[in-house]
1. Is it the case that some residue within the stretch 92-101 is open to solvent by 30 Å² or more (accessible area, probe 1.4 Å), at pLDDT below 90, in a loop (DSSP other than H, G, I, E, B) and of a type in the set (Gly, Ala, Ser)?
2. Run GLY135 past the list (1) surrounded by fewer than 21 Cβ atoms within 10 Å (Cβ to Cβ); (2) modelled with pLDDT of 85 or more; (3) touching a Pro at 6+ places or on another chain (Cβ under 7 Å) and report the number of the one that doesn't hold.
3. For the structure I just gave you, tell me whether ASP114 is in a loop (DSSP other than H, G, I, E, B), modelled with pLDDT under 75 and either more than 21 Å from ARG178 (Cα to Cα) or open to solvent by 50 Å² or more (accessible area, probe 1.4 Å) (or both).
4. Looking at (1) part of a loop (DSSP other than H, G, I, E, B); (2) open to solvent by 60 Å² or more (accessible area, probe 1.4 Å), which one does ARG126 not meet, given that it meets all the others?
5. Residue check, PRO108 against (1) modelled with pLDDT of 90 or more; (2) farther than 21 Å from LEU27 by Cα; (3) surrounded by fewer than 21 Cβ atoms within 10 Å (Cβ to Cβ), all met but one. Which one?
6. Is it fair to say TRP73 is within 18 Å of the chain's Cα centre (by Cα), modelled with pLDDT under 70 and more than 20 Å from LEU157 (Cβ to Cβ)?
7. Six or more apart or on different chains, Cβ under 7 Å: which pairs go from a residue in the stretch 151-162 that's more than 14 Å from ASP180 (Cβ to Cβ) and assigned to a loop (DSSP other than H, G, I, E, B) to one that's hydrophobic (A, V, I, L, M, F, W, C) and open to solvent by 10 Å² or more (accessible area, probe 1.4 Å)? Could you list them?
8. So, in the stretch 165-191, how many residues would count as being more than 18 Å from PRO102 (Cβ to Cβ) and open to solvent by less than 40 Å² (accessible area, probe 1.4 Å)?
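The values are calculated or read from the model by the stated rules, or taken from the named source; none is laboratory data. This structure is a prediction, so every number in the text was calculated from the model and none was measured. When we count neighbours, we look across all protein chains shown, and the Cβ atoms used for this are built from the backbone with ideal geometry, even at glycine. For accessibility, only protein heavy atoms count, side chains too; no ligands or nucleic acids. Shrake-Rupley method; radii C 1.70, N 1.55, O 1.52, S 1.80 Å.
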Amino acid sequence: MSTAGDALPYSGDSVHDRRVRARLAELAAERGLSVQAVLAQLNVEFADGRPPVPQPAEPAAVTGANPTAPRAWVIARRRADDEWGVTTYEACAGPPAARARPCSGAEPCPWRRDAPPGQFPAEAYRHSAATSLPGADRRFGCHSGRPGQPQMCAGWLLRGAQHHAGVQRMLADGTLARPDLPAGMELYDSYAAMAVANGVAPDDPALTTQLRGADFVPLPSEQPKDDPR
């Protein structure tokens with residue numbers, strides 16, 4: 001992500017460009033910086049291979065633990081297109097976290113029927129399909145999650161987590177609160193329905209079979225050195 005002179009990128013009128021401009025404006029307001037300054041910070045972070053500009057700490061009521069402590073480290077990344085990918089985390093500390101309700105805003109939760117089709121590439125839905133298949137052992141994370149502090153997607157918990165035994169136990173015993181579904185908000189009935197609406201072929205084997213693609217690239221452990229495990 002780079003700029004030429006004082007010209008700002010993403011100045012078009014496409015849905016994607018409008019979403020990016022809105023998010024850049026939010027970051028600038030949060031940090032008391034200009035959009036150009038936020039872009040400069042992002043460029044430095046990307047060039048160094050570090051996460052983008054750190055996000056503000058989550059409220060303790062959401063995380064259930066120290067809101068600034070990393071709760072996970074990255075173990076794999078899979079590319080979906082030039083902009084988006086799917087990141088797999090390994091939990092390292094603290095109780096599980098989840099969104100209290102499906103996301104709204106410039107990039108609404110993909111489980112919402114009113115979310116614009118194609119806001120994320122079809123390949124991302126293929127990569128994540130295993131989270132909703134029988135025998136699932138991975139969770140579907142919220143796209144708004146922050147580096148090192150992933151959260152489970154509220155839409156997935158409400159419509160796609162029925163095959164994840166561990167998550168169902170946490171919902172049953174109260175370890176994990178069931179998300180709210182605001183009045184009038186409609187979700188897709190299944191992961192397959194959501195994926196097909198976003199460009200995945202209805203007969204794609206990823207929607208019915210636990211696959212581990214060749215592009216699933218394990219990374220060296222990023223486990224904190226002081227983690228007791």
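1. The answer is yes; a qualifying residue exists.
2. Going through the list (1) surrounded by fewer than 21 Cβ atoms within 10 Å (Cβ to Cβ); (2) modelled with pLDDT of 85 or more; (3) touching a Pro at 6+ places or on another chain (Cβ under 7 Å), GLY135 breaks only (3).
3. No, not satisfied.
4. (1)
5. Checking PRO108 against (1) modelled with pLDDT of 90 or more; (2) farther than 21 Å from LEU27 by Cα; (3) surrounded by fewer than 21 Cβ atoms within 10 Å (Cβ to Cβ), the one that fails is (2).
6. yes
7. GLN151/ALA98; GLN151/CYS142; GLY160/PHE140
8. Adding up the residues that qualify gives 2.
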